[in-house]
Ligand SMILES: Nc1ncnc2c1ncn2[C@@H]1O[C@H](COP(=O)(O)OP(=O)(O)OP(=O)(O)O)[C@@H](O)[C@H]1O
Ligand SMILES: [Mg+2]
């Protein structure tokens with residue numbers, strides 16, 4: 001069953017039950033109020049009449065005075081008034097009924113004969129009307145000499161009560177109608193949002209992430225729509241990134257492979273006879289293979305770092321020793337490119353806890369960048385100094401620099417400048433993650449055409 005049906009259904013049941021209970025209570029109350037009121041009024045009149053009799057007529061004979069009495073009693077009441085003697089025989093009736101009637105069949109009269117006020121509600125056997133009667137004993141000198149009886153028809157009252165009941169039922173039905181309509185409207189607003197969400201989710205599950213859900217209200221469903229939209233845009237972004245990545249990786253892999261294949265063909269065709277060509281060819285094949293290996297290693301590293309699957313192994317590292325070693329290792333390449341590579345390290349640099357291989361990897365990445373983007377007769381300076389709590393290592397070059405627009409992007413994975421020396425764009429991203437794993441920070445500042453300063457710190 002759909003949400004709308006469930007919502008409206010439960011609404012409907014609850015409101016019907018509530019209205020039903022209210023109707024019953026209200027109707028009973030109205031009936032009670034009206035009937036009780038009539039009983040009270042008649043009883044008061046009867047009591048008043050009885051005490052009037054007791055005060056002013058108790059010395060006289062009831063049967064003789066009954067005519068006068070009746071006039072007195074009836075003048076205060078709209079009801080039919082009867083005067084009955086002590087044996088239950090009708091003496092006078094304000095409606096003019098005459099004859100030798102014995103009233104002892106009536107329960108109210110029976111009670112009054114015994115000295116108790118009595119009342120009775122039921123159908124009049126003659127007129128078949130529903131009537132209400134009250135009988136009250138008339139006392140003279142302590143004896144019961146007769147009864148006064150008030151009779152009123154309830155037809156009018158029943159009619160009024162029924163009219164009120166119909167009105168109440170009408171109001172109840174109206175309330176049920178309005179609430180059901182409101183429920184339908186409310187549930188429609190909910191199910192409409194849900195339908196939108198479901199439709200979008202369906203389309204997304206089919207692979208269309210360009211779809212966006214319309215946010216209709218600022219509620220939970222609205223924020224679900226936001227979340228879904230955000231998810232879709234993230235997925236399409238990462239999809240885009242993946243495609244870019246595959247494109248750039250295949251492109252990067254293709255260049256060395258083309259070169260290798262070209263040389264293999266050349267060598268096959270006649271390289272054996274030409275020793276110099278043969279060696280050149282093999283050298284190039286070797287370096288291109290190295291490039292491929294380097295790239296694949298970087299990719300593997302990157303994916304591991306990105307998945308958080310790399311843990312660093314802290315050991316005691318002598319930074320002075322490490323930095324000088326790296327400097328010595330890269331000097332031949334710098335010399336080949338006619339670049340001055342200098343290492344200047346503050347004295348008494350403290351030993352730190354770090355993953356030596358990873359720090360080395362970062363340094364090689366940074367110096368590799370500097371070497372790639374610095375032209376001949378340039379200069380690269382590696383320095384290290386301490387500030388409270390950490391060691392700051394700086395790689396500074398006089399190379400091409402990075403345009404301001406690129407500066408905030410160079411750390412992103414696969415982001416590379418359009419320099420022809422640019423590689424796969426992973427070096428800085430990997431370095432930053434490694435430094436972050438050491439709880440350090442990597443900062444880059446650069447001026448286009450002047451040079452670049454990359455700085456990172458490692459906690460002591
Ligand atoms: N020292 C630098 N001078 C000038 N530009 C730089 C320097 N270092 C980085 N860049 C710019 O930042 C980009 C990203 O550098 P990153 O080291 O991440 O990638 P890459 O060197 O191109 O490739 P990889 O390091 O994966 O071989 C570079 O392509 C380059 O445009
Ligand atoms: Mg690099």
ask   = Taking the condition in contact (Cβ under 8 Å) with a residue 12 or more places away in the chain and either within 58 Å of the chain's Cα centre (by Cα) or within 24 Å of residue 439 (Cα to Cα) (or both), does residue 380 pass?
value = yes
ask   = Is it the case that residue 381 is outside the structural domain of residue 243 (by TED's automatic domain parsing), closer than 20 Å to residue 447 by Cα, within 12 Å of ligand 2 (Cβ to nearest atom) and crowded, with 16+ Cβ neighbours inside 10 Å?
value = no
task = Of the numbered conditions (1) within 29 Å of residue 295 (Cβ to Cβ); (2) buried (at least 17 other Cβ atoms within 10 Å of the Cβ); (3) more than 12 Å from ligand 1 (Cβ to nearest atom), residue 345 fails exactly one; give the number of that condition.
result = (1)
task = Quick one: which residue in 211, 190, 194, 171 is assigned to a loop (DSSP other than H, G, I, E, B) and not assigned by TED's automatic domain parsing to the domain that holds residue 77?
result = 211
inquiry  = For region 357-371: of the residues being over 50 Å from the mean Cα position of the chain (by Cα) and more than 11 Å from residue 326 (Cβ to Cβ), which is nearest to ligand 1 (Cβ to nearest atom)?
reply    = 370
ask   = So which residues in region 328-347 are within 14 Å of residue 377 (Cα to Cα), in a helix (DSSP H, G or I) and in contact with a strand residue (DSSP E or B) (Cβ under 7 Å, 6 or more places away or on another chain)?
value = 331, 334
ask   = Is it the case that residue 302 is in contact with a helix residue (DSSP H, G or I) (Cβ under 8 Å, 6 or more places away or on another chain), in a helix (DSSP H, G or I) and without any contact (Cβ under 8 Å) to a residue 12 or more places away in the chain?
value = no
request  = Evaluate the following for residue 436: is it without any contact (Cβ under 8 Å) to a residue 60 or more places away in the chain, surrounded by fewer than 17 Cβ atoms within 10 Å (Cβ to Cβ) and closer than 30 Å to residue 351 by Cβ?
outcome  = yes
remark   = Expected single match for away from ligand 1 (no atom under 11 Å from the Cβ) and either in contact with a helix residue (DSSP H, G or I) (Cβ under 9 Å, 6 or more places away or on another chain) or under 30 Å from residue 237 (Cα atoms) (or both) among 395, 454, 410, 391 is 391
query = For region 414-451, how many residues are more than 10 Å from ligand 1 (Cβ to nearest atom) and touching a strand residue (DSSP E or B) at 6+ places or on another chain (Cβ under 7 Å)?
reply = 8
key: Test: residue in region 364-376 that is assigned by TED's automatic domain parsing to the domain that holds residue 448, under 30 Å from residue 249 (Cα atoms) and either away from ligand 2 (no atom under 16 Å from the Cβ) or loosely packed, with under 13 Cβ neighbours inside 10 Å (or both)   = yes
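Matching residues to (1) surrounded by fewer than 19 Cβ atoms within 10 Å (Cβ to Cβ); (2) in contact (Cβ under 8 Å) with a residue 24 or more places away in the chain; (3) more than 11 Å from ligand 2 (Cβ to nearest atom):
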| position | (1), (2), (3) |
| --- | --- |
| 404 | yes, yes, yes |
| 408 | yes, no, yes |
| 440 | no, yes, yes |
| 443 | yes, no, yes |
| 454 | no, yes, no |
| 458 | no, yes, yes |
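The values are calculated or read from the model by the stated rules, or taken from the named source; none is laboratory data. Quick caveat, the model's predicted, so the values are computed rather than measured. Methodologically, a virtual Cβ is constructed for each residue, glycine included, from the backbone with ideal geometry; neighbour enumeration extends over all protein chains shown.
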